[in-house]
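S.K.: Dumping the structure here so I can ask a few things about it.
The values are calculated or read from the model by the stated rules, or taken from the named source; none is laboratory data. Just so we're clear, the structure is a prediction, and the values are computed from it rather than from any experiment. Because the Cβ atoms are built from the backbone with ideal geometry, glycine has one as well, and the counts that use them run over all protein chains shown. Quick note on the areas: whole protein, heavy atoms, side chains included, nothing else; ligands and nucleic acids left out. Shrake-Rupley method; radii C 1.70, N 1.55, O 1.52, S 1.80 Å.
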Amino acid sequence: MEFRDLLPHRRMVRHYAPEAVPRDVVERMVSTVRRAPSAGYSQGQRLLVVTEEAGRAEIARIFDEVAGWTSPDDREPWLESAPVHILVCTREADYHERYQRPDKLQDGDEIEWPVPYWFVDAGAALMLLLLAAVDEGLAAGVSGVPLDAAAEIRASFGVPDAVSLVTLVTIGVSAPDPGWSAVTSRKTQPRRAPDEFVRWERW
Ligand SMILES: Cc1cc2nc3c(=O)[nH]c(=O)nc-3n(C[C@H](O)[C@H](O)[C@H](O)COP(=O)(O)O)c2cc1C
């Protein structure tokens, strides 16, 4: 699909049909992250892909119970329905290691980081996953990872301390949107027009 055709189909989907996503499709989607930009080519992005039922149920349990997610009674299941969970992570140390190499040193020192590039790069990886899902005829959603949930996921799935969990991406065949999902979508508020967020030549 051409980019200009694909992009309008990208939106957060928070409810999925029971169909499984074949392994080769998951592999294609996660492989797109090889093409993600990364500061200094640090390649600090990491993905934890969870497709087995027990692992997905554990993530759903953690978000529901540990992180205290509460939902309206009429809620359609989100995490519970998704056949693919991907935790988008970043390893900050990769950036420090890279920027301590001679070509990146400034007056002999590691740069003063203008913003944390490791999170910028995780965002780029996240966007590729979202678009790759649409390109495969699937849908994706994103959730933040509350701190309590991150600690539990780290313990349950053996995520090393050096790796930060940035977001959870859910992927699958889309099912009808839960009603509550409209609150944070274009169904209740328009997307900003370019002239509201773009300044030309001077702020
Ligand atoms: C970093 C990040 C964290 C997000 N966290 C959540 C979340 O915890 N729960 C949720 O329902 N949506 C979450 N979203 C999805 C946004 O709410 C969604 O992208 C936004 O409302 C715009 O809707 P759209 O993606 O369908 O255009 C998150 C998105 C991003 C980029």
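S.K.: For residues that are surrounded by 14 or more Cβ atoms within 10 Å (Cβ to Cβ) and away from the ligand (no atom under 16 Å from the Cβ), tally how many sit in the range 98-116.
M.R.: Qualifying residue count for the region: 5.
S.K.: Got a sec? Which of Ala140, Ala82, Ala124 is over 24 Å from Gly158 (Cβ atoms), within 14 Å of the ligand (Cβ to nearest atom) and in contact with a strand residue (DSSP E or B) (Cβ under 7 Å, 6 or more places away or on another chain)?
M.R.: Exactly one of Ala140, Ala82, Ala124 is over 24 Å from Gly158 (Cβ atoms), within 14 Å of the ligand (Cβ to nearest atom) and in contact with a strand residue (DSSP E or B) (Cβ under 7 Å, 6 or more places away or on another chain), namely Ala140.
S.K.: Please go through the range 158-202 and pick out each residue that is surrounded by 10 or more Cβ atoms within 10 Å (Cβ to Cβ) and assigned to a helix (DSSP H, G or I).
M.R.: Gly179, Trp180, Ser181, Ala182, Thr184
S.K.: May I pose another question? Does any residue of the range 136-157 turn out to be open to solvent by 20 Å² or more (accessible area, probe 1.4 Å), over 14 Å from the mean Cα position of the chain (by Cα) and on the phi > 0 side of the Ramachandran plot?
M.R.: Yes, the range 136-157 contains a residue that is open to solvent by 20 Å² or more (accessible area, probe 1.4 Å), over 14 Å from the mean Cα position of the chain (by Cα) and on the phi > 0 side of the Ramachandran plot.
S.K.: Something else: Could you list, in sequence order, the residues of the range 130-174 that are over 19 Å from Trp69 (Cα atoms) and among the polar types (S, T, N, Q)?
M.R.: Ser164, Ser174
S.K.: At least 1 residues that are over 15 Å from Leu130 (Cα atoms) and either open to solvent by 80 Å² or more (accessible area, probe 1.4 Å) or away from the ligand (no atom under 16 Å from the Cβ) (or both) in each: list the helices (runs of 4 or more DSSP H) lying fully within the range 1-78 that qualify.
M.R.: Per the criteria, 23-31, 53-61.
S.K.: Something else about it: What pairs can you find where one residue is in the range 176-203 and over 23 Å from Ala17 (Cβ atoms), the other is within 14 Å of the ligand (Cβ to nearest atom), and their Cβ atoms are less than 8 Å apart, with a gap of 6+ or different chains?
M.R.: Final answer for the pair search is Thr188/Ala182.
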